[in-house]
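Student: Structure provided below as structure tokens; questions to follow.
Derivation of every value follows stated rules applied to the coordinates shown; laboratory data play no part. Remember, predicted model here, so these are calculated numbers, not experimental data. For neighbour counting, all protein chains shown are included, and Cβ atoms are generated from backbone atoms with ideal geometry for every residue, glycine included.
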Amino acid sequence: MIQIKIDDNEIKNRINQIKNNKKLIINKIASILEAETIRLFNLQQDPYGQKWKPIKINTKRKNSSKVLIDTGTLRSSIKANVISENTIRLGVVGDLIYARVHQFGSVITPKTAKALTIPINKESRYLSASEIRSRYKTFIRKNIIFGVKGRTIIPLYLLLKKVEIPRRAYLPDKGLPQKYKELILKVIEKII
């Protein structure tokens, strides 16, 4: 989870002008931050307006052509919680291991094998390399594991030394974005 500390003087001064229902205001701000984060996620942008790097053609799923959206689990896990009068926690609820990888980027390397086996067709996506080998005769050419069944040759896995997953930030982690500040001030202005 990322904590957004509302330490902007303009926002703090406006919140201090409110006599009643400060808790209601902070909860409203949390809701707006959550909604804006999800809106930008759908636009495939980080909270600072930068477009995410596109996904490579071999990692696209049939379900979606959008970056970071396959089942929608990551997007629907984004939640905002009020911690104090000037702190809101915005982050992913649940144990999504890949959430951090996408937020900050990562380099994945094999732990014990010589290479990573990246599935390149529907069947190999759901079976391990050892399960594939029990169904097909296999051979390797130019870093690709091929399967042979009868006279049919099928490319199954791409062998890679590493995979670099680029940073695709969906949570603000470099201070309060200007767009978020503008939204917060609009909410406060409506109440004052």
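Student: Per 0.36 nm of contour for each residue apart, how much would the distance between Phe139 and Leu116 grow if the chain were fully extended, relative to their Cα-Cα spacing?
Tutor: Answer, rounded to one decimal: 6.7 nm.
Student: Put a dot 7 Å past each Cα toward the Cβ at Arg89 and Lys149; how far apart are the dots in nm?
Tutor: For the pair Lys149/Arg89, the computed spacing is 4.8 nm.
Student: Right, next: Could you check the spin-label model distance between Leu24 and Asp7? Points 7 Å from the Cα along Cα→Cβ, value in nm.
Tutor: In this crude label model, Leu24 to Asp7 measures out at 3.0 nm.
Student: May I ask which of Lys12/Lys181; Lys79/Lys174; Lys51/Lys111; Lys66/Lys142; Lys51/Lys174; Lys56/Lys142 have a Cα-Cα span longer than 22 Å here?
Tutor: From the list (Lys12/Lys181; Lys79/Lys174; Lys51/Lys111; Lys66/Lys142; Lys51/Lys174; Lys56/Lys142), the Cα-Cα distance tops 22 Å for Lys51/Lys111; Lys66/Lys142.
Student: Any chance you could run the full-extension gain for Arg39 through Glu131? It's 0.36 nm times the residue separation minus the Cα-Cα distance, nm to one decimal.
Tutor: Going from the current span to full extension adds 29.0 nm.
Student: DSSP loop GluC sites (Glu not before Pro) in the stretch 9-41 with at most 16 other Cβ atoms within 10 Å of their Cβ, which ones?
Tutor: Answer in residue order: no site qualifies.
Student: Report the local net charge at Ala115: Lys and Arg +1, Asp and Glu -1, summed over other residues whose C-beta lies under 11 Å from its C-beta.
Tutor: Counting the neighbours of Ala115, the net charge comes to +3.
Student: So if R0 is 25 Å, what FRET efficiency would Gln178 and Asn16 give, r being the distance between their Cβ atoms, rounded to the nearest 0.05?
Tutor: 0.70
Student: Return the calculated 222 nm mean residue ellipticity for the chain, to the nearest 500 deg cm²/dmol, obtained by summing -39500 (n - 2.57) across DSSP H runs with n ≥ 4 and dividing by the residue count.
Tutor: -10500 deg cm²/dmol
Student: Expressed as cubic angstrom per residue, what is the convex hull volume of the alpha carbon set of the chain?
Tutor: Taking only Cα atoms, the chain has a hull volume of 130 Å³ per residue.
Student: Label the stretch 116-160 by shape, choosing from rounded, prolate and oblate, from the square roots a ≥ b ≥ c of the eigenvalues of the Cα gyration tensor; if a/c is under 1.5 it is rounded, and otherwise prolate applies when a/b is larger than b/c, oblate when it is not.
Tutor: It is oblate, given that a/c is not under 1.5 and a/b is not larger than b/c.
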